[in-house]
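None of the figures in this text is laboratory data; all of them are computed from the coordinates on show. Keep in mind that this is a model prediction, so the values were computed, not measured. Ideal geometry is used to build each Cβ from the backbone, glycine not excepted, and the neighbour counts take in all protein chains shown.
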Amino acid sequence: MVLYEDTRQQIGKHRNVHLYCQQTGIKIIRQALNVGDYQIAGKGDISVDTKMSVLELAGNVFQDHERFRAECLRAQECGIQLIILVEELLPGGRLDRWRPPIGWNGRPVARFDPAILRKAMITMQQEYGVKFRFCDGRSTGKVLIEYLEGRRN
């Protein structure tokens, strides 16, 4: 199997994905992708865009909304199932229980309402067919491949 990794993806950002692919004999080729960070060669109907945390996801949804929305729309127009894979498990599996990390000053590093983020995610799912999924960062490689192969919904 050959896995395409988008050339805009920061090199070394996902060592866990590279390690999993190395251990399972999956070859990674860096190539410009129309949407997302990863696709399986010859299977361009599913793409996974990885986010390191809920904070990165929130930044994309709230601060970089137009670019993020444009990518979701592009995926929809191209018939690509875009999966946003966030490498952070939610407390009790619920976004409303998530709390931002505390900074050096004892205050949260971000201020946004998780309920508003959840509402924005639901809207994007309904309008563009984007799927938001969460996983433990240690299993990102395995989970990413399972989504790309269609073994996970």
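Worth pointing out:
- Of LYS43/LYS119; LYS27/LYS119; LYS13/LYS131; LYS13/LYS43, those spanning more than 26 Å from alpha-carbon to alpha-carbon: LYS43/LYS119; LYS27/LYS119
- Among ILE26, ILE122, ILE11, residue whose mean-square fluctuation peaks in a GNM of the chain (springs only between Cα atoms under 10 Å): ILE11
- In this label model, ARG97 and THR7 are separated by 4.4 nm, measuring between points 7 Å along each Cα→Cβ vector.
- Under 5 Å between amide hydrogens, built in the peptide plane, is the criterion, and for ILE28 it picks out LEU3 among residues at least 5 positions away or on other chains.
- For the chain, a Kirkwood radius taken over Cα pairs fed into Stokes-Einstein (4 °C, viscosity 1.567 mPa s) yields D = 81 µm²/s.
- Comparing ARG97, ARG133, ARG30 in a Gaussian network model of the chain (Cα springs below 10 Å), the most mobile by mean-square fluctuation is ARG97.
- FRET efficiency, 1/(1 + (r/R0)^6) with R0 30 Å, evaluated for LEU89 and ASN153 via beta carbons: 0.95
- Summarising the amide proton neighbourhood of LEU89: residues at separation of 5 or more, or on other chains, whose placed amide H is nearer than 5 Å comprise GLY137.
- Structure-based [θ]222 nm, the chain - -39500 (n - 2.57) summed over DSSP H runs of at least 4, per residue, nearest 500: -10000 deg cm²/dmol
- Relative contact order for region 2-148: 26 percent, from Cα pairs under 8 Å spaced at least 6 residues apart, divided by residue count.
- Over all other residues within a Cβ to Cβ distance under 15 Å of ARG151, the charged ones net out to +2, with Lys and Arg as +1 and Asp and Glu as -1.
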